[in-house]
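Down below is the structure, laid out as structure tokens.
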Amino acid sequence: MGNESYEDAIEALKKLLIEKDELKDVAAAKVKKITAELQTVSSSDSKSFDPVERIKEGFVTFKKEKYETNPALYGELAKGQSPKYMVFACSDSRVCPSHVLNFHPGDAFVVRNIANMVPPFDKVKYAGVGAAIEYAVLHLKVENIVVIGHSACGGIKGLMSFPLDGNNSTDFIEDWVKICLPAKSKVLAESESSAFEDQCGRCEREAVNVSLANLLTYPFVREGVVKGTLALKGGYYDFVNGSFELWELQFGISPVHSI
Amino acid sequence: MAFTLGGRARRLVSATSVHQNGCLHKLQQTGSDRFQLGEAKAIRLLPRRTNMVQELGIGEEFMEGNRETDTSYDFLGEMRQRFMRFKRQKYLPEIEKFQALAIAQSPNVMVIGCADSRVCPSYVLGFQPGEAFTIRNVANLVTPVQNGPTETNSALEFAVTTLQVENIIVMGHSNCGGIAALMSHQNHQGQHSSLVERWVMNGKAAKLRTQLASSHLSFDEQCRNCEKESIKDSVMNLISYSWIRDRVKTGEVKIHGCYYNLSDCSLEKWRLSSDKDNNGFHISDREIWS
């Protein structure tokens with residue numbers, strides 16, 4: 001092990017996990033252990049995770065380093081918010097937009113769910129998403145809605161793995177991920193012979209496009225886009241390579257031609 | 001509408017790492033005018049003064065937009081600044097941790113927070129990448145299992161049964177627009193006119209309890225109370241899910257409530273504990289940090 005570089009070890013691990021999926025739990029446990037070790041500052045005694053201590057430490061640090069050093073900003077925020085962006089991001093612990101896009105309090109109204117999906121407009125089912133979009137567009141008057149997908153998304157992997165034929169093995173997960181079934185169909189049609197991992201990567205991006213299209217089924221979104229007061233953007237955070245991609249849903253009225 | 005919307009998603013640019021710098025530079029020159037909405041001359045609102053501007057000074061780089069319309073702004077430039085800041089300050093310095101996380105996540109905590117721009121749980125509670133699986137919706141509401149599928153309970157199911165998180169935190173906050181909408185909504189019986197009203201009515205029980213107990217208080221004070229009552233209801237709704245209730249009973253999963261007051265920057269937190277002698281639950285370990 002002494003001569004092997006860190007990069008080689010990671011590559012070997014990835015390869016092993018692709019070949020032997022059942023080792024994922026073992027790997028996750030080991031990753032947890034390594035992460036904890038890397039985060040340990042000095043003390044050698046391994047305390048088990050105490051969530052209360054953790055959030056207390058986090059909150060006290062926030063108050064000291066952010067809140068108290070910027071009274072003007074936080075004073076304004078106490079009166080109200082006027083974020084420019086609405087963001088849909090995945091619930092995945094690794095992709096918080098406050099970290100990845102350096103959002104500070106007041107910058108972005110953020111909805112987080114499995115695989116950052118936007119279901120089509122429905123007054124009854126998934127009203128929570130509709131409520132969020134309505135609030136952001138009509139009350140907060142955001143200028144941009146950004147849907148951000150990411151690499152190694154468990155929700156998209158589920159979408160690609162589940163048969164989704166009506167025989168659900170979960171209470172709610174399959175019902176949710178099938179929102180982006182059109183993305184799965186498109187990816188399978190276009191790259192049937194690709195490796196599963198590649199298909200997932202494509203699906204992660206296509207699912208963002210399905211969500212962008214679903215946004216247009218909300219009347220107030222459509223109105224905003226047509227009027228030019230609202231823009232719809234897609235994004236993709238790849239934490240394996242440390243990169244970020246951005247694109248836009250574009251509309252327009254072409255020049256008029258007399259025929 | 002007299003015209004059909006022909007939308008298509010176009011990939012504009014990749015803000016990738018340094019080795020693609022040449023490509024990036026070229027796209028910058030042609031990129032900025034692509035932010036017009038087709039041919040319709042979009043009336044862009046002036047960029048609001050965000051914290052970003054205060055931090056970076058007069059950010060000429062990203063305030064400059066297409067010279068044709070002086071009200072356009074450089075979305076791309078701003079996002080690039082934001083992402084590169086994350087990459088420089090967090091990602092690259094801790095690359096080993098991020099490489100490990102890229103293989104698998106194993107967060108200890110799941111947080112249900114509000115979508116409000118001022119109360120990101122990672123920001124306020126200090127969670128780092130990999131630590132907290134986060135759900136954010138309007139007014140941090142958890143609906144009970146009998147109400148059927150929501151975006152929230154599918155995420156709950158994933159976190160509890162697949163990721164096996166050990167702690168669930170419901171985080172509410174003061175000055176919540178969703179709760180204010182709930183408290184001011186008049187017509188309970190009739191048709192809810194908006195999606196927001198329809199959604200926040202899931203907090204109806206909290207509203208009724210609040211009004212019973214504090215109708216003599218000002219509207220704002222009642223809202224503060226309702227925000228706290230609503231957290232309790234969301235916590236109780238969590239245990240309507242059998243796969244959560246069973247795990248709470250065995251101690252595998254612990255549930256916490258917390259309330260962030262953004263006027264005075266205080267955090268009140270408590271724990272849900274199982275009753276020893278019956279099948280019930282009670283609130284314990286209440287603390288306020290300020």
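The values are calculated or read from the model by the stated rules, or taken from the named source; none is laboratory data. The shown structure was predicted, so the numbers you read here are calculated from the model rather than taken from an experiment. Counting neighbours? That spans all protein chains shown, and the Cβs are built from the backbone with ideal geometry, glycine included. Just the protein is used for accessible areas: all its heavy atoms, side chains included, with ligands, DNA and RNA removed. Shrake-Rupley method; radii C 1.70, N 1.55, O 1.52, S 1.80 Å.
Observations on the model:
- Total residues in region A:95-110 satisfying the condition of being under 9 Å from the mean Cα position of the chain (by Cα) and either facing chain B (nearest Cβ under 7 Å) or part of a loop (DSSP other than H, G, I, E, B) (or both): the figure is 2.
- Qualifying residue in region A:160-174 (condition: within 30 Å of B:F98 (Cα to Cα), in contact (Cβ under 8 Å) with a residue 12 or more places away in the chain and within 12 Å of chain B (Cβ to nearest Cβ)): yes
- Looking across region B:78-90, the residues that are more than 7 Å from chain A (Cβ to nearest Cβ) and of a type outside the set (A, V, I, L, M) come down to B:E78, B:R80, B:Q81, B:R88, B:Q89.
- Residue identified as open to solvent by 60 Å² or more (accessible area, probe 1.4 Å), of a type outside the set (S, T, N, Q), touching a Ser or Thr at 6+ places or on another chain (Cβ under 6 Å) and within 22 Å of A:I55 (Cα to Cα) among B:R286, B:R271: B:R271
- Output for region A:97-146, where each listed residue is surrounded by fewer than 24 Cβ atoms within 10 Å (Cβ to Cβ) and among the aromatic types (F, W, Y): A:F121
- Hey, A:G80 open to solvent by less than 10 Å² (accessible area, probe 1.4 Å) and either more than 19 Å from the chain's Cα centre (by Cα) or modelled with pLDDT under 95 (or both) or not: no
- Of the residues contained in region B:148-167, one or more are found to be open to solvent by less than 10 Å² (accessible area, probe 1.4 Å), closer than 23 Å to B:V253 by Cβ and in a loop (DSSP other than H, G, I, E, B).
- Of all residues in region A:150-198, those that are outside any helix (DSSP H, G or I), touching a Phe, Trp or Tyr at 6+ places or on another chain (Cβ under 9 Å) and surrounded by 13 or more Cβ atoms within 10 Å (Cβ to Cβ) total 7.
- Residue count for region A:215-259 under the criterion of being of a type in the set (A, V, I, L, M, F, W, C), outside any strand (DSSP E or B), within 13 Å of A:I145 (Cα to Cα) and at the interface with chain B (Cβ under 8 Å from one of its Cβ atoms): the result is 2.
- A:V147 being assigned to a helix (DSSP H, G or I) and within 12 Å of another protein chain (Cβ to nearest Cβ): no
- Long-range neighbours under 7 Å by Cβ, at least six apart or interchain, first residue facing another protein chain (nearest Cβ under 7 Å) within region A:82-93, second assigned to a loop (DSSP other than H, G, I, E, B) and of a type in the set (S, T, Y): A:P83/B:S117; A:K84/B:T50
- As a summary of the residue check, B:S194 satisfies the conditions (1) within 7 Å of chain A (Cβ to nearest Cβ); (2) within 18 Å of the chain's Cα centre (by Cα) except for the one numbered (2).
- All positions within region B:91-119 that are at the interface with chain A (Cβ under 7 Å from one of its Cβ atoms), open to solvent by 10 Å² or more (accessible area, probe 1.4 Å), of a type outside the set (A, V, I, L, M) and not in a helix (DSSP H, G or I): B:Q105, B:S106, B:N108, B:R118
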